[in-house]
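Colleague: Sharing a structure here in structure tokens format.
The values are calculated or read from the model by the stated rules, or taken from the named source; none is laboratory data. Keep in mind that this is a model prediction, so the values were computed, not measured. For neighbour counting, all protein chains shown are included, and Cβ atoms are generated from backbone atoms with ideal geometry for every residue, glycine included.
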Amino acid sequence: MSWSSQNQSSQINVGDDVYGSDGDKVGTVAEVQSGYIVVEKGFFFPTDYYIPTSAVASASGGQVYLNTTKDAALNSGWDVVPDVQAPTVTSGATATMTGEEEIRVPVMEEELTATVREQEAGAVRIEKDVVTEQRTLDVPVTEERVRVERRVVDRPVSAADADAFEETVIDVPLRTETVDVQKQARVAEEVVVSKEAVQRTEQVTDTVRKEEVFVDEDAVDASMVDDRETGATPTI
């Protein structure tokens, strides 16, 4: 329901409770002017608020309802006495009226950033096993053998042959070499394990939000709309 500023002011009285469109109480009416109402500061408010009557949706039975939420009303720049009638601000938007009668609507957007953090990606396990293999070495050894040679001799018996015609046993010792095997541990190879940091590029994708401004020119007289923009084109 659309009310005129005069009808709104006539149905609002000092002491009425002011509520936002979300049902949260904004405060109590301390003063009623032709273009705005003064909501006195309470325990939670740092100052009084001068809410334009154009932001009033309904007023009856000591209760005044705004067409914007409580948070939007407290952040709409209504903590100073307005020079002109303030425009209606819908829920979720914050508009600021400057001294040159300009309305500045902040347009927000989100920026996507990324950070990196370390985490364990796995492990490399190195194991040593003991295996057995057969090896053969060729080792030269020396041994003594008996060689018997018979020679024909024809000479008289001499004094050196004193033991002639006696039974004699002669032992001839023979020598040989035995191979003893020893084992000695030696370092035959080294396995060097090292780590290196390799940089790669990974793409991350997420959704971000941004605000777009929609200007409804059908809601006002087209002759009162100035399409001049500073670096931006409105979304129609």
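Colleague: For region 107-136, give me each residue that is over 30 Å from Val193 (Cβ atoms), touching a residue at least 40 places away in the same chain (Cβ under 8 Å) and outside any strand (DSSP E or B).
Modeller: Hits for region 107-136 are Val107, Met108, Glu110, Glu111, Leu112, Ala114.
Colleague: Further question: Can you find a residue in region 207-217 that is surrounded by fewer than 10 Cβ atoms within 10 Å (Cβ to Cβ) and either small (Gly, Ala, Ser) or more than 30 Å from Met108 (Cα to Cα) (or both)?
Modeller: No, every residue in region 207-217 fails to be surrounded by fewer than 10 Cβ atoms within 10 Å (Cβ to Cβ) and either small (Gly, Ala, Ser) or more than 30 Å from Met108 (Cα to Cα) (or both).
Colleague: Residue under question is Ser223, and the condition is that it be at pLDDT 80 or above, small (Gly, Ala, Ser) and on the phi < 0 side of the Ramachandran plot; does it hold?
Modeller: no
Colleague: Could you identify the single residue in Val198, Val152, Val187 that is among the β-branched types (Val, Ile, Thr), within 30 Å of Thr132 (Cα to Cα) and either at pLDDT 90 or above or within 35 Å of the chain's Cα centre (by Cα) (or both)?
Modeller: One residue alone meets the criteria, Val187.
Colleague: When residues of region 1-54 are filtered for being at pLDDT 85 or above, under 17 Å from Thr68 (Cα atoms) and of a type in the set (A, V, I, L, M, F, W, C), how many remain?
Modeller: Result for region 1-54: 7.
Colleague: Name the pairs whose Cβ atoms lie under 6 Å apart, with the first residue in region 159-176 and touching a residue at least 12 places away in the same chain (Cβ under 8 Å), the second in a loop (DSSP other than H, G, I, E, B) and of a type outside the set (Phe, Trp, Tyr), and 6 or more positions between them or separate chains?
Modeller: From region 159-176, the pairs are Leu174/Glu144; Arg175/Glu144.
Colleague: Name the residues in region 159-178 that are in a loop (DSSP other than H, G, I, E, B) and modelled with pLDDT under 90, would you?
Modeller: Answer for region 159-178, where residues must be in a loop (DSSP other than H, G, I, E, B) and modelled with pLDDT under 90: Ala162, Asp163, Ala164, Phe165, Glu166, Glu167, Thr168, Val169, Ile170, Asp171, Val172.
Colleague: Any residue at all in region 112-129 that is surrounded by 10 or more Cβ atoms within 10 Å (Cβ to Cβ), within 30 Å of Ser76 (Cα to Cα) and modelled with pLDDT of 85 or more?
Modeller: No, the conditions are met nowhere in region 112-129.
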